[in-house]
Amino acid sequence: MELLADEAVGRGTAVRAAEELDAVAGPVHWYGGPLAGARLADRCGFALLEPVDDWLADLPEEFTGRRIRSGTVADARALDRPMFVKPPRDKSFPADVYADGSRLPAGLDARTPALFSEVVTFAAEYRLFLLDGRIATASRYAVFGRLDARPLRMDSTDRADRATAAEIAEFVGRLVAVAGHTLPSAVVVDVGQLLDPYRPGHRWAVVEANMAWFSNAYAADPGRVLDVVLRAAGPRERVRPDDLAFVRP
């Protein structure tokens, strides 16, 4: 967050804490949590763009590499086998592999949305900040589930990095061609190298989609991340017609 704040200040934009926004005159953009953002959006006049809850479950399996379905916490509690369970957008409970539905945290509202997917292994995971269907900037963020941030650039001096960036660009190009209309114009999509125990090598798959205004930049270029955030959480009157369906209520 500090890198984005420094970038904003360098552009001549004032950076304020949430409790100071009431005193701000002029257009307001948001970077922060969904609960505070939703509380302040109407008061401060900004709109928050986000993917719909069912986006990942509705993607063709050629892009997910695994079976995924959407439901609620009540559905998750009925699971009788190991399953990866996560909230689709907000961090209302920990995303994890649960041995069965009884292992979910106690006290959750049964109506809370949830996604369930087969348990798979991602060798490496990458965060992509997309603007108008193109990768504005990207970063690796995990290797076999462990945090390991590293910039990802097509012009990298490392041949392996360039090859990985090219593979990701090709995968995202196919994804946007098929499902780009189902995403807001400014969004984060995480992808990963999905290991298949029955085939050598890896294949690319979508991990999830996230709100740009509530996503860690990791080692991505902060200036380009800020470009995506400003579109994803800016003045309501500037929301493009195609993005209206993705405004958080």
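The values are calculated or read from the model by the stated rules, or taken from the named source; none is laboratory data. Just so you know, these numbers come straight off a predicted model, no measurement behind them. Glycine also receives a Cβ, built like all others from the backbone with ideal geometry; neighbour counts cover every protein chain displayed. Protein only, heavy atoms only, side chains kept; ligands, DNA and RNA dropped before computing areas. Shrake-Rupley method; radii C 1.70, N 1.55, O 1.52, S 1.80 Å.
Grab the Cα-Cα distance for Arg150 and Arg248, subtract it from 0.36 nm times how many residues apart they are, and report the gain in nm with one decimal.
32.2 nm
Hey, what did the chain get for relative contact order, percent, Cα under 8 Å, at least 6 apart?
Relative contact order comes out at 26 percent.
How long are the three semi-axes of the equivalent ellipsoid of the chain, in whole Å, if each is the root of 5 times an eigenvalue of the C-alpha gyration tensor, listed from largest down? It would help to have the intermediate numbers written out before the result.
Details: eigenvalues 173, 119, 51 Å².
Square roots of five times the eigenvalues give 29, 24, 16 Å.
What translational diffusion coefficient, in µm²/s and rounded to a whole number, does the Stokes-Einstein relation yield for region 30-79 at 37 °C and a viscosity of 0.692 mPa s, taking the hydrodynamic radius as the Kirkwood radius over Cα pairs?
Translational diffusion coefficient: 240 µm²/s.
On full extension of the chain, what length is gained from Arg16 through Asp42, given 0.36 nm per residue of separation minus the C-alpha to C-alpha distance? Before the final figure, lay out the partial values.
Numbers: separation 26, 0.36 × 26 = 9.36 nm, distance 1.72 nm.
My answer for the length gained is 7.6 nm.
Report the relative contact order of region 60-144, percent, no decimals, based on alpha-carbon pairs under 8 angstrom and at least 6 residues apart.
30
Mean separation of Cα pairs under 8 Å and 6+ residues apart, divided by the residue count of region 14-124: what relative contact order is that in percent?
24
Pop out the carbon and sulfur fraction of the accessible area of the chain as a percent, whole number, probe 1.4 Å.
On the way: 6740 of 13140 Å².
Its accessible area is 51 percent carbon and sulfur atoms.
Expressed in nm to one decimal, what extension gain is obtained for the pair Asp53 and Ala106 from 0.36 nm per residue of sequence separation less their Cα-Cα distance?
Full extension of this stretch gives 16.9 nm more.
Pick out, from Leu3, Tyr141, Val97, the residue whose Cα sits farthest towards the positive end of the charge dipole of the chain, with +1 on the Cβ of Lys and Arg and -1 on the Cβ of Asp and Glu.
Checking the options against the dipole of the chain, the answer is Val97.
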